[in-house]
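Undergrad: Provided herewith is a single structure, encoded as structure tokens, for subsequent inquiry.
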Amino acid sequence: MATASAQLEWVVCPVCEEGRARALFDKQGFTVVGCPNCGLRYVNPRPTADWLAAWYGTQYYQGERANAAGAQHLHFPEMKIATARLRLDLIRPFCATGWLVDVGAGGGFMVEAAQAAGWHAVGLEPSTTAARHAARERQVHMVSGRLEEAPFSSGRFNVVTMLDVLEHVTCPGKCLTQARRLLGPGGILLVETPNMAGWLPRLMGARHPWVRPPEHLTYFTPATLRVLLERAGFCLLRLLTRTSKVLTLDYVLSLTGSTNPVLTAVAQGAVGWWRGLGRAPFKLPLDMLVAVAASNRPEESTR
Ligand SMILES: [Zn+2]
């Protein structure tokens, strides 16, 4: 990972704006700190937004070994669409139809699931590589660009979804404010991000695979996510602290491929020997936070 060249900047706590922070540990050339005020863990100093944009643009989706995680976001459509359906089920009690935008849409799987469920769905994705791939492979409506420059009028959407996005962005609070701008009155936001207060992340600490700078910059807990949502003007409707994803063995083995090639090759051989096993979907409960929130304040004239 080309972290030695990272351009770094010191930042305040992304949740409470506290300037002081305590260094907790280093990983992959970055330091993770803890906020003495709200308890949030985050990378500080943090790579600049420009450096990250270049890093994602040149390496993340190129399928290089060291950055295989990026390439994984574009593949395994059936299981990802199945997970997206589970998330749409959480939105339905609050909003069942209309316009939906998936921010950080990656491979376009949420957009495809939403479209199939009757939504007018569009994906917003900063990586042109991913956006083009999704439009071509999934036949969905994708817009390439960053949220702050998104060509959508205020209040255009009934629902904004952000799956595995908030932990990646440099300013998660600003990201939520911009998401709220896109929502009309009574609009619904669904956010998903790792729950670092889960028992496994707490047990493993820095060794947990979700502690992954510079990809993951902010490490949320139920408390810190709640504060961030409320500061952005959202009213929390539901907060799940452990949620299931639909996975396949083929997918899980592809994730371990870059770190454990020999073990993975042996396991892939065994899975291949029993045909179909690798592709069979199963639900796995994970330490993932899923928040459903309402943008129920009257619309403000934010730009
Ligand atoms: Zn804080």
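The values are calculated or read from the model by the stated rules, or taken from the named source; none is laboratory data. The structure displayed is predicted, hence computed values, not measured ones. We place every Cβ from the backbone using ideal geometry, glycine too, and count neighbours over all the protein chains shown.
Undergrad: Looking only at strands (runs of 3 or more DSSP E) that lie completely in the stretch 106-197, which have at least 3 residues being modelled with pLDDT of 95 or more?
TA: Strands (runs of 3 or more DSSP E) meeting the threshold: 120-125, 157-163, 183-194.
Undergrad: If the requirement is being modelled with pLDDT under 95, more than 16 Å from the ligand (Cβ to nearest atom), farther than 21 Å from PRO172 by Cβ and among the charged types (D, E, K, R), which of these qualifies: ARG85, ARG65?
TA: Going through ARG85, ARG65 in turn, the sole match is ARG65.
Undergrad: Can you work out which of the residues in the stretch 147-179 that are surrounded by fewer than 17 Cβ atoms within 10 Å (Cβ to Cβ) and without any contact (Cβ under 8 Å) to a residue 40 or more places away in the chain is farthest from GLN115 (Cα to Cα)?
TA: My answer is LYS174.
Undergrad: Could you tell me whether any residue of the stretch 275-287 is touching a Phe, Trp or Tyr at 6+ places or on another chain (Cβ under 8 Å) and modelled with pLDDT of 90 or more?
TA: Within the stretch 275-287 (the criterion being touching a Phe, Trp or Tyr at 6+ places or on another chain (Cβ under 8 Å) and modelled with pLDDT of 90 or more), the answer is yes, since at least one residue qualifies.
Undergrad: How about the stretch 202-225: which of its residues are within 16 Å of the ligand (Cβ to nearest atom), farther than 12 Å from LEU176 by Cα and not in a loop (DSSP other than H, G, I, E, B)?
TA: Of everything in the stretch 202-225, those that are within 16 Å of the ligand (Cβ to nearest atom), farther than 12 Å from LEU176 by Cα and not in a loop (DSSP other than H, G, I, E, B) turn out to be THR218, TYR219, PRO222, ALA223, THR224.
Undergrad: Of the numbered conditions (1) touching a residue at least 40 places away in the same chain (Cβ under 8 Å); (2) within 21 Å of ALA53 (Cα to Cα), MET142 fails exactly one; give the number of that condition.
TA: Going through the list (1) touching a residue at least 40 places away in the same chain (Cβ under 8 Å); (2) within 21 Å of ALA53 (Cα to Cα), MET142 breaks only (1).
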